[in-house]
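Each remark here refers to the structure printed beneath this line.
Any read-out appearing in this document is the output of simple, stated calculations on the displayed coordinates, not a laboratory observation. Since the structure is predicted, the reported quantities are computational estimates derived from the model, not experimental observations. With ideal geometry, Cβ positions are generated from the backbone for all residues, glycine too; neighbour counts draw on all protein chains shown.
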Amino acid sequence: MAAQRQPSELLHPWLEAPPARHEVQCYFPPPTMPSSPLPYALIFDMDGVLIDNTPYQAKAFQLLFRDLGLTTNARQLLKRLNGMPATNILKTVFTGPVPKKQLEEYAAQREFLYRVLYWDKRRQTPGLSVFLRAARAAGFRLGLGTGSAPETIGYIIDHLDLRQYFDVVVGKDDVDKGKPHADTFTAAAHKLGVPPERCVVFEDAVLGEQAAYKARMRCIAVLSSLKARDFQAPLRVIKDFTEITPEQVRELLAQHSPVPKPSKERAKRNYMKL
């Protein structure tokens, strides 16, 4: 007698095995992190901003003029042309053309006189180190943009132990054209990796302010030798760095006020073509 088949053996073959499982793969993109905003940058002039040395600069020019038999008032001259390279300033005091090499020799003499006069007077502007430390802690990038030569820059910032605060240093030898052209501040912003609209320049000179505007940056005026009325349209004017905080600078930049156009009237007043 044939063996009796079990009920399961009588089922249709496709029921004899469990149905195949079909896995469905779902793609979940990784969570996106909110993008960090671009940093702000602060770019500082050196003479008259990091230090209050304008009277000594003027005295050195005056001694040079005396030796050259010139009667030019150095203090009044610097009110108009401060911020320019010394050779360019010297061009304006001679009635005729002077060879470039001769101008460079005069500028070297003036630099020697200035260092002798200022040697034991080197002091940073009140509140500067505190402000720089706070700015770095707040995430600002810091740059120095000056018309001075490397050895003159070192004479100040290394003696005062300020180099540690700056991410970049741009001087006379780093650009083709000094202030009032935009090159100095444009180069500093490029090296800092910050767009111009997120930069603010600290300047004590009218030509430096104009250079900032040509670089499409806003400016805070430091009143070390000029008055507030001498400047065109700074975001704010300060006597020194005890009068401002990095957070206040951030608030000023966050207002997105338009960058003023360089003033041709001020250019004429300072005998320069911007």
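Here are the numbers for this structure:
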| item | result |
| --- | --- |
| Peptide ranges 98-106, 213-221, 155-163 listed from the most packed, as the mean C-beta count within 10 angstrom indicates | 213-221, 155-163, 98-106 |
| Fully extended contour minus Cα-Cα distance, from H159 to K177, at 0.36 nm per residue | 3.8 nm |
| Calculated SAXS-style log₁₀ I(q)/I(0) at q = 0.14, 0.17, 0.25, 0.28 Å⁻¹ - the stretch 54-118, Debye, Cα scatterers | -0.34, -0.51, -1.19, -1.50 |
| P(r), alpha carbons of the stretch 130-269 - 10 Å bins starting at zero, rounded % | 12, 42, 39, 6, 0 |
| Cut-off under 5 Å, modelled amide H: who pairs with I51 long-range | T125 |
| Whole-percent pair-distance distribution, where bins are 10 Å wide, for the alpha carbons of the stretch 192-262 | 21, 55, 24, 0 |
| Quotient of Cα Rg and 2.2 N^0.38 Å for the stretch 105-189, N being how many residues it contains | 1.19 |
| Those aspartates and glutamates that a straight Cα-Cα span of less than 19 Å connects to K214, excepting residues fewer than 8 apart in one chain | D45, D174, D176, D183, E197, E203, D204, D230, E265 |
| V206, V249, V93 arranged by Cβ crowding within 10 Å, fewest neighbours leading | V93, V249, V206 |
| Computed lengthening from E243 to D120, 0.36 nm per intervening residue step minus Cα-Cα distance | 41.7 nm |
| Added length on full extension, which subtracts the Cα-Cα distance from 0.36 nm per residue, N73 to K59 | 4.0 nm |
